[in-house]
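K.L.:
The structure follows.
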Amino acid sequence: MNPTWTPTSWRSHTAAQQPDWPDEGALDLAVKTLSTLPPLVFAGEARSLQSGLAEVAAGRAFLLQAGDCAESFDAFSADGIRDKLKIILQMAVVLQYSAGVPVVKVGRIAGQFAKPRSAPTETLDQVELPSFRGHMVNDITFTEAARVPDPDRLVTAYNQSASTLNLLRAFTKGGFADLNQVHAWNQEFVATSAEGRRYEQLAAEIERALRFMASCGVDTEATPLLHTVDFYTSHEALILGYEEALTRRDSLTGDWYDCSAHMLWLGERTRQLDGAHLAFLAGVGNPIGCKVGASATADDVIALCDALNPDRIPGRLTLITRMGAEKIDVALPPLLEAVKASGHPVVWTCDPMHGNTFTAPSGRKTRHFDAVLNEIGGFFRAHEVAGTWPGGVHIELTGDDVTECLGGADEILDADLDTRYETMCDPRLNARQSLDLAFRVAELLRG
Ligand code: PEP
Ligand code: MN
C-alpha cells in the first residue's frame, strides 16, 4: 500500500458523478456522523473474500456477484432480503453442484444505493430536473423537491446497510443457508416452472449425497461448512464522501479498509486513471472491481491493473467486462491477451446486463434474456481461445416475480413489462430467469 495515501487523497482529483449538494455544512455534518459510526464489515472479512477471489483468479473457483441495480429505501423488507438471498443461494448451489467448482458469493446489497447517470438532468413534459442518483442522494419522484440531494440520506443508507447486513449474517450463519435447506430456497412461483423442477431434482440429489455421507459415518452435523455460508457484500464506490467516512485503519495490519462493504467497484463512468474514484480505491485494502466496457483498449486495462494492483496480489482486482452481446467477440479477446502477457493475476467476470440495455417500443428500459445469455456465451468462447479462466458472472436480479427483462422460459414480451416493472433503475432478471441462467452457466462451465 502507498504510505502517503489517506482516505482524503481523492479530494485533490476530479470526481465524476458527484451530486451538487446544496448545503456543504449539512454534508460535512452527515459525513462527520458517519465517521463516528461503527464499520459495517471487518477488514479480516475483506481479506477472506480476497483469498476466495485469489482462488477464482487461479481458475479454481467461480464468482457469483448479484443483486439489485439500486437498492431502495421504500422497498426495504426482511422478505425482500430473504428472497434475494434465496435466489443467490440457489444459483450458487446449481453452479457448485453441476460444475463442481466452489462458488464465491457476493451480493450487490447492503450499500448499493448510489447510481451514476448518463446525463445530469432529466426532462419530462418540458420540465427539466436533476437526475435521480439513487436513494443515497435523492428521491426518484419527479418533483423539484424530491430531486434535491439530501445528505441525511447518507446516514439512512448506512443504517439500512447495517440492518440488511445483520439479517444476511443471521440467515447465512444461523441455519437458513444450511445445505439441508436446499429445498426451502425454491420459492413457490419458481418451483412450479421447468427450471424450478430441475432445481428440485438437483436438491434431491444433494440430500441423497448428504444421507450417503452420513451413512458412511461422516459426521455431517459436525461439519460447519455444510451448515453456514460465507456471503459477502459489494457496491459501486460512487459517493466518495460516504466511502471516505467509512474507511478505517485495520488494527491488525495497520492498513486502510473501506468498511462500507467487503468489495467495492469502479463503474464504467468513474474509472478515469487520473480520477478521484481510482485515487480512492487504489489505497484501500479491500478487493476491488472495475467495470470494463467495449471501448476500453488493452493499454487502458493494463494501466488500470498497474494502478489498482501494482503489487499484483491475486484476488485484489476483478475486471468486470460489460460489452454487449454484439461487441464482446471483438472487444474482449485483445484485453485477455494483453492482461495474460502482462502477468497480472486478475479475476475476469462477465456483467452481461449493462451492455445489453435498450428502450423497448413501450418506452420501458429493458434487456433480453437471449442477449444476456449470448454475452455470457461470448465471454466463455473468448476465454477458451485465450486459455484464461472465465471466472464469474455479475448479474442484476431480484428474488421477486417481476417483469423487467424480456424473454426467458416465460417469454416475457414488451406488452408484459408493465405488469410488474418494479425496479428503481435498471431492469433485473426475476428469480426464474436467474435460476435458468445459473443452469446455462453451469453447462458452459462443465463444457
Ligand atoms: C451498474 O452496475 O449498475 C452500472 C451502472 O454499471 P456500469 O458502470 O457498468 O454502467
Ligand atoms: Mn445497473
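The values are calculated or read from the model by the stated rules, or taken from the named source; none is laboratory data. None of these values were measured; they are calculated from a predicted model. Neighbour counts run over all protein chains shown; Cβ positions are idealised from the backbone, glycine included. Ligands, DNA and RNA are excluded from the accessible area calculation, which covers all protein heavy atoms including side chains. Shrake-Rupley method; radii C 1.70, N 1.55, O 1.52, S 1.80 Å.
K.L.:
How many of the residues making up region 94-108 are open to solvent by 10 Å² or more (accessible area, probe 1.4 Å), touching a strand residue (DSSP E or B) at 6+ places or on another chain (Cβ under 8 Å) and either within 16 Å of ligand 2 (Cβ to nearest atom) or assigned to a loop (DSSP other than H, G, I, E, B) (or both)?
P.N.:
2
K.L.:
Every residue in region 418-431 that is open to solvent by less than 50 Å² (accessible area, probe 1.4 Å) and out of contact with any Cys (no Cβ under 9 Å at 6 or more places or on another chain), please. Don't jump to the end; show me each part of the working.
P.N.:
Here is the first cut: in region 418-431, the residues open to solvent by less than 50 Å² (accessible area, probe 1.4 Å) are 421, 423-431.
Scanning region 418-431 gives TYR421, ALA431.
K.L.:
Give all pairs with beta carbons closer than 7 Å in which a residue from region 53-79 that is farther than 9 Å from VAL347 by Cα meets a residue that is acidic (Asp, Glu) and modelled with pLDDT of 95 or more; count only pairs at least 6 apart in sequence or on separate chains.
P.N.:
ALA61/GLU55; ASP68/GLU396; CYS69/GLU396; CYS69/ASP426
Table: residues versus (1) part of a strand (DSSP E or B); (2) within 20 Å of LYS115 (Cα to Cα); (3) at pLDDT below 95; (4) hydroxyl-bearing (Ser, Thr, Tyr).
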site: HIS183; (1), (2), (3), (4): no, no, yes, no
site: GLU195; (1), (2), (3), (4): no, no, yes, no
site: ALA209; (1), (2), (3), (4): no, no, yes, no
site: SER234; (1), (2), (3), (4): yes, yes, no, yes
site: LEU238; (1), (2), (3), (4): no, yes, no, no
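K.L.:
Inside region 358-409, can you point out the residues that are among the acidic types (Asp, Glu) and crowded, with 18+ Cβ neighbours inside 10 Å? Break it down stepwise before answering.
P.N.:
Taking region 358-409 and keeping what is among the acidic types (Asp, Glu), we get 370, 375, 384, 396, 400-401, 404.
The answer is GLU375, GLU396, ASP400, GLU404.
K.L.:
Has region 408-416 got any residue that is within 15 Å of ligand 1 (Cβ to nearest atom) and either part of a helix (DSSP H, G or I) or among the polar types (S, T, N, Q) (or both)? Step through it out loud before you land on a result.
P.N.:
Initially, region 408-416 is screened for residues within 15 Å of ligand 1 (Cβ to nearest atom), giving none.
So far as region 408-416 goes, no, none of its residues is within 15 Å of ligand 1 (Cβ to nearest atom) and either part of a helix (DSSP H, G or I) or among the polar types (S, T, N, Q) (or both).
K.L.:
Please tell me if SER48 is at pLDDT 95 or above and either of a type in the set (Gly, Ala, Ser) or within 16 Å of ligand 2 (Cβ to nearest atom) (or both). Quick ask: steps written out before the conclusion?
P.N.:
Values: at pLDDT 95 or above: yes; either of a type in the set (Gly, Ala, Ser) or within 16 Å of ligand 2 (Cβ to nearest atom) (or both): yes.
Considered against the rule, which asks whether it is at pLDDT 95 or above and either of a type in the set (Gly, Ala, Ser) or within 16 Å of ligand 2 (Cβ to nearest atom) (or both), SER48 comes out as yes.
K.L.:
Would you confirm, using the coordinates I've provided, whether LEU240 is closer than 30 Å to VAL155 by Cβ, touching a Pro at 6+ places or on another chain (Cβ under 8 Å) and away from ligand 2 (no atom under 16 Å from the Cβ)?
P.N.:
Details: closer than 30 Å to VAL155 by Cβ: yes; touching a Pro at 6+ places or on another chain (Cβ under 8 Å): no; away from ligand 2 (no atom under 16 Å from the Cβ): yes.
Against the criterion (closer than 30 Å to VAL155 by Cβ, touching a Pro at 6+ places or on another chain (Cβ under 8 Å) and away from ligand 2 (no atom under 16 Å from the Cβ)), LEU240 does not qualify.
K.L.:
Still on this structure: Taking GLU128, is it over 21 Å from GLN181 (Cβ atoms), away from ligand 1 (no atom under 16 Å from the Cβ), open to solvent by 20 Å² or more (accessible area, probe 1.4 Å) and in a strand (DSSP E or B)? Before the answer, list the steps.
P.N.:
Numbers: over 21 Å from GLN181 (Cβ atoms): yes; away from ligand 1 (no atom under 16 Å from the Cβ): yes; open to solvent by 20 Å² or more (accessible area, probe 1.4 Å): yes; in a strand (DSSP E or B): yes.
So GLU128 fits the description; yes.
K.L.:
A further question on this structure: Just checking, which of ASN166, ASN159 is without any contact (Cβ under 8 Å) to a residue 12 or more places away in the chain, under 30 Å from THR223 (Cβ atoms), more than 16 Å from ligand 2 (Cβ to nearest atom) and not in a loop (DSSP other than H, G, I, E, B)?
P.N.:
Values: ASN159 fails: under 30 Å from THR223 (Cβ atoms).
On inspection, the qualifying residue turns out to be ASN166.
K.L.:
Let me ask another. With the structure loaded, tell me whether ALA276 is within 16 Å of ligand 1 (Cβ to nearest atom) and either crowded, with 18+ Cβ neighbours inside 10 Å or closer than 21 Å to LEU34 by Cβ (or both) or whether it fails that test. I'd like the intermediate steps shown before the answer.
P.N.:
On the way: within 16 Å of ligand 1 (Cβ to nearest atom): yes; either crowded, with 18+ Cβ neighbours inside 10 Å or closer than 21 Å to LEU34 by Cβ (or both): yes.
So ALA276 passes the test.
K.L.:
Look at region 39-74 and say how many of its residues are closer than 27 Å to VAL402 by Cβ and among the acidic types (Asp, Glu).
P.N.:
Restricting attention to region 39-74, the residues satisfying the condition of being closer than 27 Å to VAL402 by Cβ are 62-74.
Narrowing the set further to residues that are among the acidic types (Asp, Glu) leaves 68, 71, 74.
Adding up the residues that qualify gives 3.
K.L.:
Based on what the data block shows, is PHE379 aromatic (Phe, Trp, Tyr), within 16 Å of ligand 1 (Cβ to nearest atom) and within 19 Å of the chain's Cα centre (by Cα)?
P.N.:
On the way: aromatic (Phe, Trp, Tyr): yes; within 16 Å of ligand 1 (Cβ to nearest atom): yes; within 19 Å of the chain's Cα centre (by Cα): yes.
For PHE379, the condition - aromatic (Phe, Trp, Tyr), within 16 Å of ligand 1 (Cβ to nearest atom) and within 19 Å of the chain's Cα centre (by Cα) - is met.
K.L.:
Follow-up. Could you list all residues from region 42-80 that are assigned to a loop (DSSP other than H, G, I, E, B), open to solvent by less than 60 Å² (accessible area, probe 1.4 Å) and of a type outside the set (S, T, N, Q)?
P.N.:
ALA58, GLY59, ALA61, ASP68, CYS69, ALA70, GLU71, PHE73
K.L.:
Of the residues THR297, THR270, only one is at negative phi and either open to solvent by 10 Å² or more (accessible area, probe 1.4 Å) or free of Cβ contacts under 8 Å to residues at least 24 places away in the same chain (or both); which? So that I can check it myself, show each step before the final result.
P.N.:
Working: THR270 fails: either open to solvent by 10 Å² or more (accessible area, probe 1.4 Å) or free of Cβ contacts under 8 Å to residues at least 24 places away in the same chain (or both).
Of THR297, THR270, the one residue that is at negative phi and either open to solvent by 10 Å² or more (accessible area, probe 1.4 Å) or free of Cβ contacts under 8 Å to residues at least 24 places away in the same chain (or both) is THR297.
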